[in-house]
Amino acid sequence: DNHRTLHLCVTLFGLLYTVYTVYIMFKGAKEWTSEILKAANEGSISGVSSQCLLKNRAMTRDAMAKLLCEALRIINSHQQEMTKVKDDMEWTLCESAEHSAELDKEVKRLKAKSATEVVDLQREVLDLQRELLAEKNRQLNDLRASVVESVENTVKEGFKSYSAVVQQSCKVASSTELKADLKSVMKKVVHEEDRSKSFMVYGLKEEKEEDVSGKIGDLLLQLNLKPKAEVCRIGLRATDTSEDSATKKTRPVKVTVGCSAIVKEVLSRAKNLKNCSGFARVYIS
């Protein structure tokens, strides 16, 4: 940058000096022309002739020689200055060409650098996408493992209860009682499994014409979850004539999802509802 600034300053100085030199040359030529017009007693160069100069008694041989020498000096000075101007212009053009070549080289370098930086950025974006995909796969595998573990534990507990009942029933009960106990155990296992896949929502505003499924879907979205769910309100709905609408109790909502792991995830995130608009007074259990 300093080299370019210096080059520009030198070029401008050369141009200013050239303009000044041309001005001095024209000034000298104008003064010499004024002397000739005065000697010829004419107002313009077009009216000057040799007869006009000879008629002037003051135009002696010495005076004419002096004017001629002055003209030669001015012409010679003009020739020298024009030669110098030509040389300066050639030098300036040469420097400009070199400077232009340097600029072209710098532009090419910057373009190459930009292309390299773009490639590097694209590579970084691809790496980040791969990392994000790997993290999503890891979370999915963790959730799958949690679901499998929950189901296995539930089945094991059910079979343990079943085995204990069978052993006890074999000692103290008849065949009929054993069958009844087996049915009771299986119902209990199924009921416990069903309960582990359900949770209750309290404080969700109840309206006459409402879409409970949509409300529960919005609630789960606030927790960044979107599972398939079956929903229904629990209990009898109070009629409009039974009591004032301001004192009506809002019925809780039972939500059933696909597995107990989802229920655990919902319960772990339920505390975040207090910061969600429209669900601050809703709680889950």
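Of note:
- Contacts under 6 angstrom Cβ, first residue in the range 119-133 being surrounded by fewer than 10 Cβ atoms within 10 Å (Cβ to Cβ), partner hydroxyl-bearing (S, T, Y) and in a helix (DSSP H, G or I), 6 or more apart: none
- Of residues in the range 33-49 being assigned to a helix (DSSP H, G or I) and open to solvent by 70 Å² or more (accessible area, probe 1.4 Å), the one farthest from Q79 (Cα to Cα): K38
- Cβ-Cβ under 9 Å pairs, at least 6 apart or on other chains, the range 254-272 side farther than 14 Å from S146 by Cβ, far side at pLDDT below 90 and among the small types (G, A, S): A270/S285
- Per-region count, the range 50-71, residues under 30 Å from T21 (Cα atoms), surrounded by 12 or more Cβ atoms within 10 Å (Cβ to Cβ) and among the hydrophobic types (A, V, I, L, M, F, W, C): 4
- Criterion violated by I74 - all others in (1) in contact with a Gly (Cβ under 9 Å, 6 or more places away or on another chain); (2) loosely packed, with under 10 Cβ neighbours inside 10 Å satisfied: (2)
- You will find that of N141, N137, the residue that is farther than 30 Å from G14 by Cβ, open to solvent by less than 80 Å² (accessible area, probe 1.4 Å) and either in a helix (DSSP H, G or I) or at pLDDT below 90 (or both) is N137 and no other.
- When the range 197-236 is filtered for residues that are over 11 Å from V255 (Cα atoms), of a type in the set (G, A, S) and surrounded by 14 or more Cβ atoms within 10 Å (Cβ to Cβ), only G203 remains.
- All conditions in (1) assigned to a helix (DSSP H, G or I); (2) more than 57 Å from the chain's Cα centre (by Cα) hold for V10, with the sole exception of (2).
- M25 in a helix (DSSP H, G or I) and at pLDDT 75 or above: no
- Within the range 250-277, considering residues that are open to solvent by 40 Å² or more (accessible area, probe 1.4 Å) and closer than 19 Å to E209 by Cβ, the one modelled with the lowest pLDDT: T250
The values are calculated or read from the model by the stated rules, or taken from the named source; none is laboratory data. On a predicted model such as this, the values are computed, not experimentally measured, just so you know. Using ideal geometry, Cβ is built from the backbone for each residue, glycine included, and neighbour counts are taken over all protein chains shown. Side chains included, ligands, DNA and RNA excluded: accessible areas come from the protein's heavy atoms. Shrake-Rupley method; radii C 1.70, N 1.55, O 1.52, S 1.80 Å.
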